[in-house]
Each structure stands twice: as C-alpha cells, then as structure tokens.
Amino acid sequence: MGSYELALNNGKLFFNNSFIDANIAVLDGRIAEIKKVEIQDAEQIIDCKGKLILPGIIDAHVHFRVPGNEKKEDWVSGSKAALHGGVTTVLDMPNNNPAITTADLLEQKRKLVEKDSLINYGFHFGVSNGNSRELKNARNIASFKLYLGSTTGNLLVNDDSALEKCFEIASLKSKMIAVHAEDEKIILQNAKKFQNESNAKVHNKIRTVEAELEAIKKAISFAKQFKTRLHICHVSSKESLFLIQEAKKSGLHISCEATPTYLFFDESDVGKKGCLLKVNPSIKTEKDRKALWFGLNTSQFDIIATDHAPHLLEEKQQDYWKVPSGIPGIETSLSLMLDASEKRLIQLEKVIKLMTENPAALFKIKNKGKIEKGYDADLVVVDLKKEFVVKNDELFSKSAWTPFEGLKLKGKVEKTLVKGSLLFDNGDIIINKNKESKANLEVGYYG
Ligand code: DOR
Ligand code: ZN
Ligand code: ZN
C-alpha cells in the first residue's frame, strides 16, 4: 500500500507554459505532488516514459443530446467519445428536447447526467423569447446560450425586448452570453431565394458571411449597452474575427472560439463531402480558413472547442433540405491539433493553452485546466510520435462517423484520467466497478 493512490512517472509534463521531466502523485483525485524524483509509494504506478502529459482537455461546446435525442448520443456514449479524444470536461449546450430554458428543466437534466457521466461536465443555459425569470433562477451554469439564428432544436431569440432583458440579467449576474451568431432574417431570405437548389454547396449561399456579421454586430451592440461579457461561438469567417478584434480593442469584454471544422475544411471540401459538412455556421472559403489559422496563431482566439454535434449517418445522407446541421468532433480534435503542431501550423504550447487553461479561465471553472499541485487530476497522456489513421469503426460516439475518416494523423491520445481514475487506456474504456462511486463530476465556477 502506498501513500498515494496513483503515480504517473517519467512523463514530460506541460507545466507553467513549458515542458518539464517530472512525476505526478495523485491523492483524493487531485494532484498531490509534482516531483523530480520518481514516485514509488503509490497503489497504482503508470510509466509515461516518452509520453507527454497534458491537462485534460476542456471542451466548452458540445451537444450530448440528453434529454430527447439519445439515439444520436447519450451521456454514456458522449462520455466515452470524450475520453477517446482526451477530453475530461465538457460544457453541454441547451438545445435539447425539450430545450433547457427553465430552472426546473435544468435540474432534471442535471439528474440524468449525474447518473451517467464518466467525465466532468457543466451546462450552458438556453435563452428564449420569454424566459427572463428563469435566467435569474438558473444556478451553476457556464453561460446563457443565445441563438440569433435557428439551428438544430427550437432555440431562437428574435424579439429585441427579450434580448435586452437577457443582456441586462447576464450583466447583473456577471454571466457570460455565448452566442450562436447567424442572423435569422438573412438566413430565411436566402433560403427562399435558393429554394430550388439542392447541392450541399447552397448552404453557404444561405448562411452567408453577412448573416454571421449581422448577428455579431447585434450582439456587440447589446453587450456594449449593458456591459455584458460576450462570447462568440464557432467563428467561421475572416470578417467576423476582425469585427470581434475591433470590439476587443474598444474595451468590450468579448471572447471567441475556434472550431476545428472551420480550420480543417473550406468550401472546396463541401464539394467532395457534401452534406456530411452541412453545419451551422456554414463552412466558408479558403481565404476564411487561412485567416482563422492566422487568428489562432496571433492570439485572436480565446479557446478551441469542438461543437461536437452528433447526427446519425443515415440522417446526414438525405436530401440537402432534410439533412440536420452538425458534425461530431470530440474524438478527433486533440489529435488534429497535435498533428497541426507537428506540421508547424501552430505551436504546441498554444494548442494546449487554447484547449485547457484558457477555457478553464474563460468560464471560471474551478481547479481545472492546469497541471498544478491541488488541481484536479484530470490528465491526458499523449504519444506525439504515434501515427494512426482515423477510422469510423473506432469511434465511441453513437453517431459513429467523422468527416476525417481515413486521414492519417500524428499525435495520439493514449490514456485519459478523470479525477485520478484511469478511464481510457490504449483504445479501451475502463469502467472500474469496484471503485466506490466518484465524487460529483459537475464543475463549479469561481465568482
Ligand atoms: O450545425 C450545428 N449543429 N450548429 C448548431 O448550432 C447546433 C448543432 C446541433 O446541435 O446539431
Ligand atoms: Zn452554434
Ligand atoms: Zn453548437
């Protein structure tokens, strides 16, 4: 019997923005020590020689489909998919069925998730045209999620007085508003105009850069008026990113998120992959994609999140107008970014911060996002040199497909630990039934 429950020896840790050779001791699910000497007095010892140890990835934007669409994803399959991707904490979106727009519905969702989750989690809370009282009542949430254009689910706010109230309440509660920024009016006009087209490429004629810009402008103007913290989800175009930077420079408390979908695909891919790449916002041009990479490298983005939006393959293979928007991504994002760093598209240190420390700081998540004494032992062990081919049949998501199928990547998730428990190891999920049930996995927030 050792005095620690777990030791991770001989790895290279991401610590204080660089890599150090050191050993981690875990006790009560937390990082108890970070030592130069190897740790022997632990019940379980994992040798991490030649491997990198990172803080567990925090994915601040996922759609796990509980409640109401469990055939696409349930919390168990979503958790397993997360672990496969090195993700130890998710913040889940409220566009469920029913949409999470009341405090009661949030509590019901909480109970469902609590019984199933293998990973840490938190919730975004939905804004509707008439739920200002509920916004006041919702407890322990990551943000108010505001849809300015309609997408999967029925969450849309198109009433300016509801918008005003939501920005005002968010400001009073010091909550962030996270926006799906596409303008509904522009989308509807364009949809009518192109109603006789059915090629997947019509999607970005309908969901245009202008639609994104218009919605961002609107959100910025309300945020300025009410001094509200604003977060723009999944930025898809050069112009949008520019607008956000201008707002930042003018003193607005605004942040934004990069999504691998828009970094790795542009409209030329839509020609090849069709409606698999139907997603909101739409995938834009090569010019936009390059600008997003430039933005990522010049610290214009605050976080990387996946917008993991599982739909079944048969749903994605229908006629354009019937295909639901959204792409699964939680299982591939870390490897895609590690591979990108190997190809010198971005610095590895930047990737790690954008996927761990930054989301923890932005959403004020307690005790996570860093390898530091006292922090939760949410860790991912990666093999940077390991090459592999992305395969649909190795995925854990119920959606069971990825637009990256067949792609060769360098940088593989080997082990994922949540609060000191090894839950993913070399392709397998480990469910240790003997271990007494873990502490509550819902995250807490500072402030
Ligand atoms: O393409 C999308 N799919 N965009 C969203 O905003 C929602 C998501 C989903 O839930 O499927
Ligand atoms: Zn969205
Ligand atoms: Zn989303």
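Evaluate the charge dipole of the range 284-406 about its Cα centre and quote only its size in Debye, nearest 20, assuming +1 on the Cβ of each Lys and Arg and -1 on the Cβ of each Asp and Glu.
On the way: 19 positive and 20 negative charges, 100 e Å.
Dipole about the Cα centre, nearest 20: 480 debye.
Give me the net charge for the shell around S143: Cβ to Cβ below 9 angstrom, other residues only, Lys and Arg +1, Asp and Glu -1.
Values: positive: K145, K175, R229; negative: none.
Every neighbour counted, the sum reads +3.
Which of the listed residues, L27, L8, Q40, is farthest toward the dipole's positive end in the range 1-42, when Lys, Arg count +1 and Asp, Glu count -1 at the beta-carbon?
Working it through, the farthest residue towards the positive pole turns out to be L8.
What percentage of the solvent-accessible surface of the chain, computed with a 1.4 Å probe over protein heavy atoms, is contributed by carbon and sulfur atoms?
Values: 8620 of 18130 Å².
About 48 percent, which is the carbon plus sulfur part of the accessible surface.
Hey, what angle do you get for helix 333-342 against the long axis of the chain, alpha-carbon based, 0 to 90 degrees rounded to 10?
80
With an 8 Å Cα cut-off and a minimum separation of 6 or more residues, compute the relative contact order for the range 1-99 in percent. It would help to have the intermediate numbers written out before the result.
Working: 184 pairs, mean separation 25.8, N = 99.
Reported relative contact order: 26 percent.
Per residue, how large is the accessible surface of the range 244-390? Use a 1.4 angstrom probe and give square angstrom. Display every interim value, and only then the final one.
Numbers: 5330 Å² over 147 residues.
Roughly 36 Å² per residue, with all protein chains present.
If you place +1 on the Cβ of every Lys and Arg, -1 on the Cβ of every Asp and Glu, and leave all else neutral, what size is the dipole of the range 217-288 about its Cα centre, to the nearest 20 Debye? Show your work: numbers first, answer last.
Numbers: 13 positive and 8 negative charges, 79 e Å.
Here the range 217-288 has a charge dipole of around 380 debye.
Across the range 217-374, how large is the tail of the calculated P(r) beyond 19 Å, expressed as a percent of all Cα pairs?
When all Cα pairs of the range 217-374 are counted, 59 percent exceed 19 Å.
Take every Cα pair under 8 Å in the chain that's 6+ residues apart, average their separations, divide by the length, and report that relative contact order as a whole percent.
For the chain, the relative contact order is 19 percent.
With a 10 Å cut-off between alpha carbons and a GNM built on the chain, which of N120, N95, N17 moves the most?
Evaluated over the chain, the most mobile residue of the options is N17.
Using mean Cβ contacts within 10 Å as the protection proxy, how do 224-233, 195-204, 100-109, 274-283 order, highest first? Mind dumping the intermediate values first?
Numbers: 224-233: 20.8, 195-204: 16.1, 100-109: 18.7, 274-283: 23.8.
Answer by packing, highest mean first, reads 274-283, 224-233, 100-109, 195-204.
Over the residues of the chain, compute the C-alpha Rg and express it relative to 2.2 N^0.38 Å.
Details: Rg = 21.1 Å, N = 447, 2.2 N^0.38 = 22.4 Å.
My calculation over the Cα atoms of the chain gives 0.94.
With everything on Cα atoms, drop me the angle between helix 184-193 and the longest principal axis of the chain, reported from 0 to 90° to the nearest 10.
60
Among I429, Y375, L313, whose Cα projects farthest towards the positive end of the dipole of the range 294-447, with charges put on the beta-carbon of Lys, Arg (+1) and Asp, Glu (-1)?
Y375
Distance from the Cα centre of the range 369-447 to that of the range 31-95, in angstrom?
4
Less than 14 Å Cβ to Cβ from G50, Lys/Arg counted +1 and Asp/Glu -1: what total charge do the surrounding residues give? Don't skip to the answer; put the middle values down first.
Details: positive: K12, K49, K51, K385, K386, K412, K415; negative: D21, D47, D383, E414.
Summing Lys/Arg as +1 and Asp/Glu as -1 gives +3.
Let me spell out the model: positive unit charges on the Cβ of Lys and Arg, negative unit charges on the Cβ of Asp and Glu, origin at the Cα centre of the chain. What dipole size does that give, in debye rounded to 20? Walk me through the numbers on the way to the answer.
Details: 65 positive and 60 negative charges, 157 e Å.
Charge dipole, the chain, about its Cα centre: 760 debye, nearest 20.
If you build a Gaussian network model of the chain, linking Cα atoms that sit under 10 Å apart, which residue out of E342, E43, E33 swings the most?
Of E342, E43, E33, the most mobile in the Gaussian network model is E43.
Summing Lys, Arg as +1 and Asp, Glu as -1, what charge do residues with Cβ under 12 Å from the Cβ of I187 carry, I187 excluded?
Details: positive: K185, K192, K193, K205, R207; negative: E182, D183, E184, E210, E212, E214.
In short, -1.
If the elastic network links every pair of Cα atoms under 10 Å, which of K51, K415, K145 fluctuates the most in the Gaussian network model of the chain?
K51
Check cross-link reach from K284 to the aspartates and glutamates: straight Cα distance under 17 Å, and skip same-chain residues fewer than eight apart.
K284 reaches E182, D183, E210, E212, E214, E239, E257, D266, E267, D269, D307.
The values are calculated or read from the model by the stated rules, or taken from the named source; none is laboratory data. All values reported here derive from a predicted model rather than from experimental measurement. A quick note on method: Cβ atoms are made from the backbone with ideal geometry, for glycine too, and the neighbour counts reach across all protein chains shown. Side chains included, ligands, DNA and RNA excluded: accessible areas come from the protein's heavy atoms. Shrake-Rupley method; radii C 1.70, N 1.55, O 1.52, S 1.80 Å.
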